[in-house]
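Report on the structure given below.
The values are calculated or read from the model by the stated rules, or taken from the named source; none is laboratory data. Keep in mind that this is a model prediction, so the values were computed, not measured. Note: ideal-geometry Cβ built from the backbone for every residue, glycine included; neighbour counts use all protein chains shown.
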Amino acid sequence: METNCSRAPFGELTNLSNAEAESALNSQSANNDKKQRKRERERARYASMSQEQKNARNLRQREARKKKKECQNSMETNCSRAPFGDLTNYTNGGADSASNSLSADNNAKHRKRERDRARYATMSQEEKDAICLR
């Protein structure tokens, strides 16, 4: 297979010069180094904690994960989605398509309100106060 000498090799097709490419690579490694340093600081901070502090931290993390999972599950159960085939109405030949879309909008708004009410009901008092202050 012949190579075409007039065509530039892949390395020269970028818009970056060698210096710019090296600086981009250095910035990526700097970001990785920054993340690594943060991980090491967090690990050292956790290692310096007493056992009671570790248990309290783990308990808070567990509760936060549980609360998040419950919230996601309640959103999934309250959100009833119709299969794709049920989105079209063949029974009336499309005569009432405008009224169908209005009722669909009302149903969607109603479902959203119900989800919001359920989410608000599961919030702690502090979270409710934070929302009211916004």
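Output the residues belonging to the stretch 98-116 that are surrounded by fewer than 12 Cβ atoms within 10 Å (Cβ to Cβ) and either within 22 Å of S74 (Cβ to Cβ) or modelled with pLDDT of 80 or more (or both). Within the stretch 98-116, N106, N107, A108, K109, H110, R113, D116 qualify.
In the stretch 22-72, of all residues being within 18 Å of E127 (Cβ to Cβ) and among the polar types (S, T, N, Q), the one that is modelled with the lowest pLDDT corresponds to Q72.
Within the stretch 49-79, the residues that satisfy the criterion of being among the hydrophobic types (A, V, I, L, M, F, W, C) and in contact (Cβ under 8 Å) with a residue 40 or more places away in the chain are C71, M75.
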